[in-house]
1. Return the pair list, or none, for Cβ contacts closer than 9 Å from residues in the stretch 37-53 that are in contact (Cβ under 8 Å) with a residue 60 or more places away in the chain to residues that are surrounded by 14 or more Cβ atoms within 10 Å (Cβ to Cβ) and part of a helix (DSSP H, G or I), at least 6 apart or on different chains.
2. Taking only the stretch 43-63 into account, find how many residues are more than 19 Å from residue 135 (Cβ to Cβ) and modelled with pLDDT of 90 or more.
């Protein structure tokens, strides 16, 4: 199965090389290296969902780095991470809206018949695959917790 994301990445790499966009080329090479590393380590060829998992991981790393750099007062590094984060997000599907996420959570709570925080794990297991790369896990967790506290 060929990956449309990997093909798009290859096209963008060629375009960045021709245009002399060194920063963008660096971002593309970092992403390409992460994909190749995963493929070599697992001895598989990643499809789009595998590439998206890597993208989600890299986005999370960039956000964590930005937080650390802000605490350290390194605004120059925050700006650099923000640029790479923006680039990586162009490959991800659009984020899910809060109302749509709340509907999915409500369905999962009804399906699992969860009534307390102790059953949160069961709800998370149903919700996360549906919102895989469109919502941050921490945000999903907060919304589930809030809905279960109301129940």
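The values are calculated or read from the model by the stated rules, or taken from the named source; none is laboratory data. Model, not experiment: these values are computed from the prediction. Backbone-built Cβ (ideal geometry, glycine too); neighbour counts: all protein chains shown.
1. 52/5; 53/38
2. Total satisfying the criteria: 1.
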